[in-house]
1. Based on what the data block shows, is residue B:193 surrounded by fewer than 24 Cβ atoms within 10 Å (Cβ to Cβ), modelled with pLDDT of 90 or more and either within 12 Å of chain A (Cβ to nearest Cβ) or over 30 Å from residue A:122 (Cβ atoms) (or both)?
2. Just to verify a result, which residue in the stretch B:341-361, among those that are surrounded by fewer than 19 Cβ atoms within 10 Å (Cβ to Cβ) and over 16 Å from residue B:15 (Cβ atoms), is modelled with the lowest pLDDT?
3. For the stretch A:112-138: of the residues being within 13 Å of residue B:395 (Cβ to Cβ) and crowded, with 18+ Cβ neighbours inside 10 Å, which is nearest to the other protein chains (Cβ to nearest Cβ)?
4. Could you tell me whether residue B:422 is at pLDDT 85 or above, away from chain A (no Cβ under 12 Å) and closer than 24 Å to residue B:280 by Cα?
5. Report whether or not residue B:463 is farther than 27 Å from residue B:391 by Cα, in a helix (DSSP H, G or I), free of Cβ contacts under 8 Å to residues at least 60 places away in the same chain and more than 10 Å from chain A (Cβ to nearest Cβ).
6. For the stretch A:29-133, which helices (runs of 4 or more DSSP H) that fit wholly inside it have 1 or more residues that are under 25 Å from the mean Cα position of the chain (by Cα) and at pLDDT 85 or above?
7. Any chance the stretch A:13-28 includes a residue that's within 20 Å of residue B:446 (Cα to Cα), outside any helix (DSSP H, G or I) and more than 9 Å from chain B (Cβ to nearest Cβ)?
8. Yes or no: residue B:57 in contact (Cβ under 8 Å) with a residue 24 or more places away in the chain and crowded, with 24+ Cβ neighbours inside 10 Å?
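The values are calculated or read from the model by the stated rules, or taken from the named source; none is laboratory data. What you see is a predicted model; the values in this text were computed from it and never measured. All Cβ positions, glycine included, derive from the backbone under ideal geometry; neighbour counts span all protein chains shown.
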């Protein structure tokens, strides 16, 4: 039921966004030289078609909800689509936050430290008994990868800023 | 021609160094293709300074071998980790990864390898025997023909809908919409950038596909929880049996022809060839319901298509001096630093070099079978490691590769956003294949439509009634009708490319 409701919300939002983007395309600066094939020609076709398709799909979903408000009998595909294991959203948020955190950390503390910390923390999200492997893998992988990119390919890696930049400079 | 061929063969036999260079370059190319973000272009570019140390023929053999190896290499990580190592391998993920998850990683790699070799050899043979006429055909392609070609690919969006026509259309249109971001190629107006300077150059395709496939996969698998008896242990690479190979012969031939022709067209390369080959394989398949779920045809088609495009893209380079792809554009640099000007006179003035490159590329495709098997086995060992360690390592590899590509953090940000997009598409059953087809073909369709209309004095009929364009558009219409008819005949649960969340 929750999945069906979320679908309705998502496709309603997409319909509205497509209409809004159609108008954004309509407001693009006009070029006299290319008046008949201006910047808005293709975007209007794309967003117009997208709005139409999203509206049709939305109508189908709403009709389905009205016909079976409690969820009703589901096809096998719908059942798989709606299936969420225990702790799904918690792990999803944790993993997403960790990846975004790693991206931010790369810019401030540099590749070596950020990667090592990310790999250590990442290995704890899912249960895995071999603690030694978790501890050893992060530094070994980080050093090998840094060596491959920096010395093997002469491609630079993020070095962080401030004191971390100095540290990266010394290490590379 | 025969004299030049014999002379080139004599040069190759009398110069063992050239064989060593081909072996090295194929292995180098496979590694660069397999590491996400590095791609064959980087592999070729990094080797260009080293060609100074060799004569021009050896230098070109080195670069050609990298091009061949990298085009296959991308499929290794695409199949094993759902992480396309190069853009042209994105399509291979769609069926390669589901097959690997079924415990048939070795078979999937074997099919990819055999199809790559067949496509590569086909493209090289066409390059050897039909470069001048094909180059002339490529010159016949104007905006109207490019538009028709893009439409042929885009019409597949409606067919690849995972049982839902409307979902296929929505995903494809979303791909077309994302491709709109950036400066308008005709007027220079910033579109849908919302004041963000980073978006002016548009969305980096490599960053986008790595995000959609790799990041979304890591997110999905970590959210799903501890792996429960996934069958990824069987990883030994095996070439398909003769019967399995012959079962895909029509797909291989069709894809090789498509790849060679598309490769020969300047501006569209192996990625477009792979997607159009895939969509046509799906459209004409007797078992379209298996696409997206681990169909051997779904692996063979893009691999034959993108590898035959390698030979195809050398046609305009050697016959006309026009690069057929980004990699051949970099290769022009390798030729010019040796004082060789590619173009119509090259075949007459440097026939030894040209025919040595042909023979070298044939050899590289054969050697790819040997080293591809070994490389795939080496990469496949990683599958035995626990995903708790491999998952974060894939994220690191993707971020590092994408960053190193342009030394630019904004590309990494684009990859993160598209990781979210990929997860969204999966969660709502929107086919990733349609989205990517829209993203790849959208810019080609838009620019060529507008340029074509300008050239035709805004007369749409004049645009669509040109012989090649008209034929391609007619083919698009017929195949669209055939695809929709086939979809209506099938039960609604069947369908390809539907990246349903797997309840692992």
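1. So residue B:193 fits the description; yes.
2. Residue satisfying both the conditions and the ranking: B:344.
3. A:122
4. Taking the combined requirement at face value, the residue satisfies it.
5. no
6. A:41-67, A:88-122
7. Within the stretch A:13-28, one or more residues are within 20 Å of residue B:446 (Cα to Cα), outside any helix (DSSP H, G or I) and more than 9 Å from chain B (Cβ to nearest Cβ).
8. yes
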